[in-house]
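Notes to accompany the following structure.
The values are calculated or read from the model by the stated rules, or taken from the named source; none is laboratory data. Since the model is a prediction, treat every value here as computed from it, not as a measurement. Cβ sites come from the backbone with ideal geometry, for glycine too, and all protein chains shown count toward neighbours.
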Amino acid sequence: MDVSYVAHLARLALSQDEITRFQSQLSGVLEHVGQMQKLDVEGIEPTAHASPVYNVFREDVELPSLPVEDALKNAPQQANNLIIMPKIVE
Amino acid sequence: MEYEAVIGLEVHVQVKTHSKMFCGCKNEFGAPPNTHTCPVCLGMPGVLPTPNLEAVKKTVLTGLMLGCEINRICKFDRKSYFYPDMPKNYQISQYDQPLCLDGGVVLGKYAFPKDAQKDPIASAKKNVRLIRIHLEEDVAKSFHFETTSGIDFNRAGTPLMEIVTQADIASPEEAFAFLSTLQQTLSQARISDADMEKGQLRCDCNISVRPKGQLEFGTKCEIKNMNSISGVRRAVAYEITRQIQTISNGGKISQETRRWDDAAGQTYLMRTKEQAHDYRYFPDPDLMPMRTDLGLVESMKQQMPETPSMREERYMRDYALNDYDASVLSSDIDLSHYFEGVLNAAQGDRQKVAKAIANFIINDLLGLLGGADQTLADCKIMPEHFGGLVSCVDAGKISSKQAKEVFVEMFATGKEPSTIIQEKGMVQISDEGALESFAKQAIEANPKSVDDYRAGKMAALNALKGQAIKLSKGKANPQLIGEVLEKLLNA
Ligand SMILES: [Zn+2]
């Protein structure tokens, strides 16, 4: 696994030194976790969760939202109740 | 060389619920910006999303109506990417265990654009296969200004279904028919209002062309930004032509995303496909998996409403309506309810009365509504009154010509038919003595027709009948006056 690729996906700017250092650390972590590849999982259904709990839902009921002032509190810039940011170019 | 187009669609549909997908904020279009948000849909750290059962039910219902297989075990996954309309930097979606798999949409003739209904392909009942339907959360809405963009999180976290088709669509008209069928099915089942102009149904089209008969696919382009079904038709038609022209001129199609500009009638390059996105899907640890076999599928099967195509078949079977009438009356749920309401209120032979009502609705009412810029909800004609009018005609109290006049008056005033009939002095003359006097006058005034009739020309009877009805100022019961004439002529 290439550290600079992973860093790009996470939008992290790493120096060349950091890339070298983290590359060996990341490889170590992956190797450690990789031990699980050796387990025999024949006949075991894959699962996304450890506990056998299904169907945790909420009813379709409307609850109060935040006052708009609170919702915008962390916005560096705002206008007309919109959160303003540098122009998004597609 | 002859080319053929290969088209697949990705359709996003906003699910109609009271609250958002994973929090209790109101799911509403058009509220002031950022008034329907909370820590969950703003993506604050440490919050716990919980799925909205209604949205899951409606997705399962959609799957059942479109003949999908409902996955027994499903889960939600995180789709990671950075974009300002996604505050968590991941979207909760479904990756490898979506709610619905397979299924299809059958394209009925009248789902095609009017000018294409005569094409044999419109009668082929083509099945456009689906790959999957999954449930996810919608993203925020962005507005673009001169140097900045503004974000409104009201839409962020509202339930969104994604319906993906196989590349089974071969023309702009089939794309049109697919979307109009889907839209009808979803809106009639109250799953979504599915209005493209409001962004409740959004469609991306993947289009490629290849020499006819070639098995290998051409390079595809993705078209975005259509905001009506006819816009999709225009965009697909434009793009097919563009690709064929490019190839014919020795050029190459590159894999890219293009934006449709409806006013200009053209697609424009948005971006070329750089490296494939790496979304790093993984199961969302905040959300427990779902089992659909613990009652969900069973209860949705019981709630499954009649689809437009099922209703169309029923109208043809039970009321002997032709395919055109049945298709128009079943295309809109409100219109179907109205039709059935009128039918329930009308007396007389079911099939005869149903045909008369269908004629009134399709030939008169829809035109009147269109002319007055009204919808059925504005219509002043109560189903009971409508039914009463049809019964009057069926019982021979007024002629169908008179009934049309009454109908226009009912549309304008909302009055009962009996009131209008009285006001206009329209009562049909069925009294034998009165009819005889009109018949005698007609016979005296038209000796030639009388001779023709006696010489065996049956058409002459109709001419005399027409004269007699004219003499009665249109009030004579057409069937009875015919009988009286025959009696006198054969006497
Ligand atoms: Zn919320």
> What residue, of B:G30, B:G43, is within 11 Å of the ligand (Cβ to nearest atom), modelled with pLDDT under 95 and assigned by TED's automatic domain parsing to the domain that holds B:A194?
Replying inline: B:G43
> With respect to the numbered conditions (1) of a type outside the set (G, A, S); (2) surrounded by fewer than 13 Cβ atoms within 10 Å (Cβ to Cβ); (3) in the same structural domain as B:I361 (by TED's automatic domain parsing), which one is the sole condition not fulfilled by B:L321?
Replying inline: (2)
>> Here is a check on your reading of the model: is B:K141 surrounded by fewer than 19 Cβ atoms within 10 Å (Cβ to Cβ), among the charged types (D, E, K, R), within 14 Å of another protein chain (Cβ to nearest Cβ) and in contact with a Gly (Cβ under 9 Å, 6 or more places away or on another chain)?
In response: yes
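Table: residues versus (1) away from chain A (no Cβ under 14 Å); (2) over 28 Å from A:L63 (Cβ atoms); (3) within 16 Å of the ligand (Cβ to nearest atom); (4) touching a helix residue (DSSP H, G or I) at 6+ places or on another chain (Cβ under 6 Å).
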| site | (1), (2), (3), (4) |
| --- | --- |
| B:K58 | no, no, no, no |
| B:G67 | yes, yes, no, no |
| B:F76 | no, no, no, no |
| B:G103 | yes, yes, no, no |
| B:E146 | no, yes, no, no |
| B:G157 | no, no, yes, no |
> B:P51 is checked against (1) more than 16 Å from the ligand (Cβ to nearest atom); (2) crowded, with 16+ Cβ neighbours inside 10 Å; (3) of a type outside the set (F, W, Y); (4) over 24 Å from the mean Cα position of the chain (by Cα) and fails just one. What number does that condition carry?
Replying inline: (1)
> Scanning for something facing chain B (nearest Cβ under 9 Å), of a type in the set (D, E), touching a Gly at 6+ places or on another chain (Cβ under 7 Å) and surrounded by 10 or more Cβ atoms within 10 Å (Cβ to Cβ), does region A:60-74 turn up at least one residue?
Replying inline: yes
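Matching residues to (1) surrounded by 18 or more Cβ atoms within 10 Å (Cβ to Cβ); (2) in contact (Cβ under 8 Å) with a residue 40 or more places away in the chain:
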site	(1), (2)
B:N227	no, no
B:S230	no, yes
B:R233	yes, yes
B:A237	no, yes
B:I240	yes, yes
B:K252	no, no
B:E256	no, no
B:W260	yes, no
B:A264	no, no
> What about B:R155, is it surrounded by fewer than 16 Cβ atoms within 10 Å (Cβ to Cβ) and under 30 Å from B:I73 (Cα atoms)?
Replying inline: no
>> I'd like to know if region B:461-472 contains one or more residues that are outside any helix (DSSP H, G or I), within 42 Å of the chain's Cα centre (by Cα) and not basic (K, R).
In response: no
> Restricting attention to region B:6-19, and to residues there that are part of a loop (DSSP other than H, G, I, E, B) and either within 9 Å of another protein chain (Cβ to nearest Cβ) or surrounded by fewer than 24 Cβ atoms within 10 Å (Cβ to Cβ) (or both), which single residue is farthest from the ligand (Cβ to nearest atom)?
Replying inline: B:K16
> In region A:1-58, which residues are among the basic types (K, R), more than 10 Å from chain B (Cβ to nearest Cβ) and either loosely packed, with under 10 Cβ neighbours inside 10 Å or part of a loop (DSSP other than H, G, I, E, B) (or both)?
Replying inline: A:K38
>> Cβ-Cβ distance below 7 Å, separation of 6 or more or different chains: which pairs start in region B:385-403 with a residue that is polar (S, T, N, Q) and end on one that is assigned to a helix (DSSP H, G or I)?
In response: B:S399/B:P478; B:S400/B:V393
> When you go through B:V328, B:V408 one by one, which is the residue that is assigned to a helix (DSSP H, G or I), under 30 Å from B:S192 (Cβ atoms) and of a type in the set (V, I, T)?
Replying inline: B:V328
> In region A:81-90, what count of residues is obtained for those that are over 17 Å from B:C41 (Cα atoms) and facing another protein chain (nearest Cβ under 7 Å)?
Replying inline: 6
> Given B:G425, B:G433, B:G388, which one is over 27 Å from the mean Cα position of the chain (by Cα), of a type in the set (G, A, S) and outside any helix (DSSP H, G or I)?
Replying inline: B:G425
>> Under 6 Å between Cβ atoms, which residue pairs at least 6 apart in sequence (or on different chains) link something in region B:119-145 that is more than 30 Å from A:I83 (Cβ to Cβ) with a partner that is surrounded by 14 or more Cβ atoms within 10 Å (Cβ to Cβ) and among the acidic types (D, E)?
In response: B:V128/B:D168; B:R129/B:D168
> Which one of B:V128, B:V47 is closer than 30 Å to A:V6 by Cβ and either aliphatic (A, V, I, L, M) or in contact with a helix residue (DSSP H, G or I) (Cβ under 7 Å, 6 or more places away or on another chain) (or both)?
Replying inline: B:V47
> Of the residues that make up region B:22-29, is at least one free of Cβ contacts under 8 Å to residues at least 24 places away in the same chain and not acidic (D, E)?
Replying inline: yes
>> I'd like the residue in region B:170-192 that is of a type in the set (D, E, K, R) and out of contact with any helix residue (DSSP H, G or I) (no Cβ under 6 Å at 6 or more places or on another chain) and, out of all such residues, is nearest to B:V139 (Cα to Cα).
In response: B:R190
